[in-house]
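Trainee: What follows is a structure written as structure tokens; I'll ask about it next.
The values are calculated or read from the model by the stated rules, or taken from the named source; none is laboratory data. Given the structure is predicted, the values throughout are model-derived calculations rather than measurements. No Cβ is skipped: glycine too gets one built from the backbone with ideal geometry, and neighbour counts run over all protein chains shown. Ligands, DNA and RNA are stripped out before the accessible areas are found, and what is left, the full protein with its side chains, is counted by its heavy atoms. Shrake-Rupley method; radii C 1.70, N 1.55, O 1.52, S 1.80 Å.
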Amino acid sequence: MVSLCRPIATLFLACTLKILCVAQVATTLSGSVEDQSGAVIPSAKASLLNKSSGQRHRAATDEEGGFLFKNVAHGEYLLTVESAGFQNYETTVTVTGPALNLKITMKIAAGDQITVRSTPADRISPESNSDALKINDNFLRALPSQSQNLSPLLTRFLSPAASGTAGPSIVVDGIETDQLDDLPVSAIKRIAIDRNPYSAEYRRPGKARVEVTTKTGSTTLFHGGVALYWRNSAFDARNALAQIKPDLNRSLWDATFSGPFLWKKSSFFLAAQQLTSDESVVVNALTPTGALLENVPTRIRNSNFLGRIDLRRSSHALSFLYGFTRKRDDNRTVGGLNLLGTGSGETNRADRIQFTDQTTLSPTLLNTLRIFARKRTTRVGALPVGPAIVVNGAFVGGVPQASKLEHQGLLEVDNITVHTHGDHIFRFGGTARIWTVHGTDQSNFGGTFEFGDLHHFALQRPYVFRINQGPSGVSFSVQEVSGFFQSDLKLHSNLNLSAGVRYEWQSALDRRHSLAPRIGIAYAPGDQKTVLRAGAGIFYENLPEAAIWRVSILNGIQQTEWVLSNPAYPNAGPPGSWSVSPSTFHLAKGLQVPYLLHASVSVERQLSSGTQLTFETHSVRGLHLFRTRNTNAPLPQTGVRPVSGFLNLNQLESTAMQRSTGFSVNFRGHLGKRTYIVAQYTLSKTINDAAGLFTLPANNYDLRAERGRAGFDRLHQLTLTGMVDLPSSMRIGAVLALSSAPPFDITTGVDDNHDTVATDRPPGITRNAGQASGLAQLDLRFTKLFRLPRLFNREGAANNFDLSIDAFNVLNHTNYNTYVGVTSSALFGRPVTAFPARTVQLSIRYRF
């Protein structure tokens, strides 16, 4: 790993230093202007006055609230920002470095005009933690991304240990959702991760939360753009596990248009994208006729749209938003050990609307009301017409058994009030959410034969056959209510205390004691270039929809799972002819509410204007986490099942745990005028005793062997993203990712303890004892900017046409993904899937 990391890091740093040598040192002052709720303020007037010479620079904020002063001489300046309806903002700025970026928060005006003066202690606010990842639209355009898919990049800055059962939280315009790919990337104005880590306003901690703010239109000018991203396998390298280079032809169209709407102080914004992808996945399996390596075609069709209207009326700022997603994914389950015939498709159709009313109740009181509704239809697979075949560690064949149709409706109402009292800010509010689900589930209606290995398959001796039978209809509804109170108190010019409490209730769980306190403190001694932070909080879990769905369908009343050991093959006969009892899935009585206890201590140091270094140690402890256990497995001493009349009683219970500790170093800032870098190194270790929500343990009566490394545990992780502006209007963006190896589980592949599942391990082996391989990937984007006349706006020529070339996995390093952990397999310890080899993407973008 070290030998591989050194040349990659050397190559990247050498390129960066060479670029810096040609960069000319100059001073650029930029910033963003927002109101107290975080909404941008366009068309604000900014003035920069040199206190020595009296020279004045002027600028206006754009539709994203940003302003820019170029070629600013070193010295002390008075910065003033004015906007109708807001108090004037005034601060002293000392310009000494090559670049300086400011964040300005303006307060709502009352009667007489008031000037708000800032102090350097703004660095101790809970939202100014320097280890937070903050990406604006300009940075997004510079970074390499495969067809505008941001998930791989953002995932590297999130903490899986802090994400809980349902994964990280995605908050779009104040509404928590579960997917980011429902949103056109061109509609994203900025992204923040780990901003205000212990805020009581949110369900997840900062390291498990992605906050997305979408763009608004200009109230005075028309803007827009169109872009095309294209990839083809002709420019790619061959996947390490493929004999023939997999086919790939992918294109993504992206367009935006925005501007003033029908009324004064109103605007509209439209964004749409269309993804068409015809590619192949690699099957790497072991069949009775030998090793099988083949490419299987897959297809993705994805359309996204977002439209919004914003208008300001008196004390109200209103926003109306509509969006939709249409997605089709064919052969999504093929690849690795899964043969061509196992491919099943998925279609997803979603429509959503959102209304926001931000009301100024007084100069110190701001209220935000949000109403959100979504309707989603998901269809997976088709009715199975035959059985599936699973040969552990060798191949998965037969007929795919996924067959599910789900209609989901969601309605959410949020209300948040912000009160400013001097330097103190108080936030309180609540959320009421109801979501209803109805559909059908015919999964595994064809049944599944499972074999221990190829030898038993050749003898036609499966160890088990399982099949579901019964009515397929599913219907349930879940209500959720939450409330919070958050106070940010500036106790001194260099001391800030953030404290709050959150309450959550979900109808699917019996929550009686779900108060979650959160606290954070920041202290900046001396010259306030160093900030000491500490924080802790409790974060409760909800019962995931997948668990509610399963307990609603496989409860022995709706549907029953029938499991037959040592069945006849290939025809096991109807379950009515078996002398076995049914199996069910249910929730444990007295199911407790899982929670994560998150704590951290950090030291931040400002190295220069706009450049910061952070050291942080953090800990996450999970208690009463979800796991599934068969409470009716055969007793080890007698082999007799405790409850007669049933075979397997699979029970979801809250008895799992997790413990994670780590240390991280974060760097964010400018290296010279032209280079901006965000880097994060993490040293961490996570131990837990449950592999997943529905994964059964090897021994249902002795869970000690389940304690081991978490499946996502990686000891070392380094992620570096950077952007360099070159002469002649050129730019390079880079993402470097290095990490050590995760674990994989080792099993025998057979049902040694006769509990009908092959999760048994060799003697003395605990969960996740196998060691996979590390990851090393360097992605680059080279962009050339051209000056073309703008449409609609008479602004003359500008750098508004981009031609980009992206190269992913530039060094063509093989990054293996899935390993076989079945000891009876000839593939034991070997990888069967790998991440893509080097790929190339071309893109063009025109903005006006």
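Trainee: Looking for something assigned to a strand (DSSP E or B), among the hydrophobic types (A, V, I, L, M, F, W, C) and crowded, with 16+ Cβ neighbours inside 10 Å - is there at least one such residue anywhere in segment 324-341?
Mentor: Yes.
Trainee: For segment 256-277, check the following and say yes or no: at least one residue is crowded, with 18+ Cβ neighbours inside 10 Å, in contact with an Asp or Glu (Cβ under 7 Å, 6 or more places away or on another chain) and under 28 Å from SER403 (Cα atoms).
Mentor: Within segment 256-277 (the criterion being crowded, with 18+ Cβ neighbours inside 10 Å, in contact with an Asp or Glu (Cβ under 7 Å, 6 or more places away or on another chain) and under 28 Å from SER403 (Cα atoms)), the answer is no, since none of the residues qualifies.
Trainee: Something else about it: Kindly provide the set of residues from segment 305-363 that are β-branched (Val, Ile, Thr), in contact (Cβ under 8 Å) with a residue 40 or more places away in the chain and touching a strand residue (DSSP E or B) at 6+ places or on another chain (Cβ under 6 Å), ordered by number.
Mentor: Across segment 305-363, the qualifying residues are ILE309, THR325, VAL334, THR342, THR356, THR359, THR360.
Trainee: Within segment 35-47, identify whether any single residue is at pLDDT 80 or above and more than 26 Å from ARG195 (Cβ to Cβ), and answer yes or no.
Mentor: Yes, segment 35-47 contains a residue that is at pLDDT 80 or above and more than 26 Å from ARG195 (Cβ to Cβ).
Trainee: So, one more: Scan segment 528-544 and give yes if some residue there is crowded, with 22+ Cβ neighbours inside 10 Å and aliphatic (A, V, I, L, M), otherwise no.
Mentor: The answer is yes, given that some residue of segment 528-544 is crowded, with 22+ Cβ neighbours inside 10 Å and aliphatic (A, V, I, L, M).
Trainee: Tell me, please, whether a residue that is touching a His at 6+ places or on another chain (Cβ under 8 Å) and open to solvent by less than 20 Å² (accessible area, probe 1.4 Å) can be found in segment 125-139.
Mentor: No, because not a single residue in segment 125-139 is touching a His at 6+ places or on another chain (Cβ under 8 Å) and open to solvent by less than 20 Å² (accessible area, probe 1.4 Å).
Trainee: Which fully enclosed strands (runs of 3 or more DSSP E) of segment 373-427 have 1 or more residues being open to solvent by less than 30 Å² (accessible area, probe 1.4 Å), touching a residue at least 60 places away in the same chain (Cβ under 8 Å) and within 30 Å of ARG518 (Cβ to Cβ)?
Mentor: Fully inside segment 373-427 and qualifying: 403-421.
Trainee: Restricting attention to segment 583-600, which residues are open to solvent by less than 40 Å² (accessible area, probe 1.4 Å) and over 30 Å from HIS618 (Cα atoms)?
Mentor: Hits for segment 583-600 are SER583, THR584, PHE585, ALA588.
Trainee: Another question, then. Among the residues of segment 182-214, what is the count of those that are of a type outside the set (Ser, Thr, Tyr), open to solvent by 10 Å² or more (accessible area, probe 1.4 Å) and within 18 Å of PHE372 (Cα to Cα)?
Mentor: 5
Trainee: Just wondering, is there one or more residues in segment 503-514 that are surrounded by fewer than 20 Cβ atoms within 10 Å (Cβ to Cβ) and part of a strand (DSSP E or B)?
Mentor: yes
Trainee: Another question, then. Where residues in segment 493-502 are touching a residue at least 40 places away in the same chain (Cβ under 8 Å) and either open to solvent by 30 Å² or more (accessible area, probe 1.4 Å) or in a loop (DSSP other than H, G, I, E, B) (or both), which of them is farthest from ARG533 (Cα to Cα)?
Mentor: Across segment 493-502, the extreme among qualifying residues is VAL501.
Trainee: Moving on. Give segment 634-684 a look and list any residue that's closer than 19 Å to ARG714 by Cβ and either open to solvent by 50 Å² or more (accessible area, probe 1.4 Å) or in contact with a helix residue (DSSP H, G or I) (Cβ under 7 Å, 6 or more places away or on another chain) (or both), or say none.
Mentor: Answer for segment 634-684, where residues must be closer than 19 Å to ARG714 by Cβ and either open to solvent by 50 Å² or more (accessible area, probe 1.4 Å) or in contact with a helix residue (DSSP H, G or I) (Cβ under 7 Å, 6 or more places away or on another chain) (or both): GLN658, ARG659, SER660, THR661, PHE663, TYR681, LEU683.
Trainee: Mind checking which residues of segment 245-256 are farther than 30 Å from PHE222 by Cα and touching a strand residue (DSSP E or B) at 6+ places or on another chain (Cβ under 6 Å)?
Mentor: PRO246, ASP247, LEU248, ASN249, ARG250
Trainee: Quick check on PHE476: is it under 27 Å from SER403 (Cα atoms), in a strand (DSSP E or B) and open to solvent by less than 40 Å² (accessible area, probe 1.4 Å)?
Mentor: yes
Trainee: While we're looking at this one, here's another question. So, of the residues in segment 286-303 that are open to solvent by 60 Å² or more (accessible area, probe 1.4 Å) and without any contact (Cβ under 8 Å) to a residue 40 or more places away in the chain, which turns out to be farthest from the chain's Cα centre (by Cα)?
Mentor: Taking the candidates together, the pick is THR289.
Trainee: Related question: For segment 697-725, give me each residue that is open to solvent by 30 Å² or more (accessible area, probe 1.4 Å) and touching a Ser or Thr at 6+ places or on another chain (Cβ under 6 Å).
Mentor: Answer for segment 697-725, where residues must be open to solvent by 30 Å² or more (accessible area, probe 1.4 Å) and touching a Ser or Thr at 6+ places or on another chain (Cβ under 6 Å): ALA705, ARG714, LEU715, HIS716, GLN717.
Trainee: With the structure loaded, tell me whether ALA499 is within 30 Å of GLN592 (Cβ to Cβ) and more than 25 Å from the chain's Cα centre (by Cα) or whether it fails that test.
Mentor: yes
Trainee: Here's a follow-up. Give the residue, chosen from SER303, SER315, that is modelled with pLDDT under 95 and out of contact with any His (no Cβ under 9 Å at 6 or more places or on another chain).
Mentor: None of the others qualify; the one that does is SER315.
Trainee: Say we look at segment 742-752 and pick out the residues that are free of Cβ contacts under 8 Å to residues at least 40 places away in the same chain and part of a loop (DSSP other than H, G, I, E, B); which of these is farthest from the chain's Cα centre (by Cα)?
Mentor: It comes out as ASP752.
Trainee: Moving on to the next point. Scan segment 447-459 and give yes if some residue there is open to solvent by 20 Å² or more (accessible area, probe 1.4 Å), assigned to a strand (DSSP E or B) and of a type in the set (Gly, Ala, Ser), otherwise no.
Mentor: Checked against the condition, which is being open to solvent by 20 Å² or more (accessible area, probe 1.4 Å), assigned to a strand (DSSP E or B) and of a type in the set (Gly, Ala, Ser), segment 447-459 yields no hits at all.
Trainee: Here's another thing I want to ask about it. Within the bounds of segment 103-110, is there any residue that is within 24 Å of THR420 (Cα to Cα), modelled with pLDDT of 70 or more and surrounded by fewer than 19 Cβ atoms within 10 Å (Cβ to Cβ)?
Mentor: yes
Trainee: Continuing with this model, one more query. What do you reckon, is ASP755 open to solvent by less than 20 Å² (accessible area, probe 1.4 Å), part of a loop (DSSP other than H, G, I, E, B), more than 20 Å from PRO831 (Cα to Cα) and in contact (Cβ under 8 Å) with a residue 24 or more places away in the chain?
Mentor: When the stated conditions are applied, ASP755 passes them.
Trainee: From GLY307, GLY259, which residue is under 28 Å from the mean Cα position of the chain (by Cα), small (Gly, Ala, Ser) and in a strand (DSSP E or B)?
Mentor: One residue alone meets the criteria, GLY307.
Trainee: Go through segment 551-629 and tell me which strands (runs of 3 or more DSSP E), entirely inside it, have 1 or more residues that are touching a Leu at 6+ places or on another chain (Cβ under 8 Å) and closer than 30 Å to GLY662 by Cβ.
Mentor: Fully inside segment 551-629 and qualifying: 595-608.
Trainee: If you take the residues of segment 479-491 that are in contact (Cβ under 8 Å) with a residue 24 or more places away in the chain and over 28 Å from VAL551 (Cβ atoms), which of them is most open to solvent (accessible area, probe 1.4 Å)?
Mentor: Checked segment 479-491; the qualifying residue most open to solvent (accessible area, probe 1.4 Å) is PHE485.
Trainee: Here is a further query. Scanning for something among the hydrophobic types (A, V, I, L, M, F, W, C), assigned to a strand (DSSP E or B) and at pLDDT below 80, does segment 71-86 turn up at least one residue?
Mentor: yes
Trainee: Given the options VAL580, VAL603, name the one that is at pLDDT below 95, touching a Phe, Trp or Tyr at 6+ places or on another chain (Cβ under 8 Å) and open to solvent by 20 Å² or more (accessible area, probe 1.4 Å).
Mentor: Matching residue, one of VAL580, VAL603: VAL580.
Trainee: What are the residue pairs meeting all of these: first residue in segment 810-828, first residue closer than 14 Å to VAL282 by Cα and open to solvent by 50 Å² or more (accessible area, probe 1.4 Å), second residue in a loop (DSSP other than H, G, I, E, B) and of a type in the set (Ser, Thr, Tyr), Cβ atoms under 6 Å, and 6 or more apart or on different chains?
Mentor: Matching pairs, first to second residue: TYR816/SER773; ASN817/THR833; THR818/THR833.
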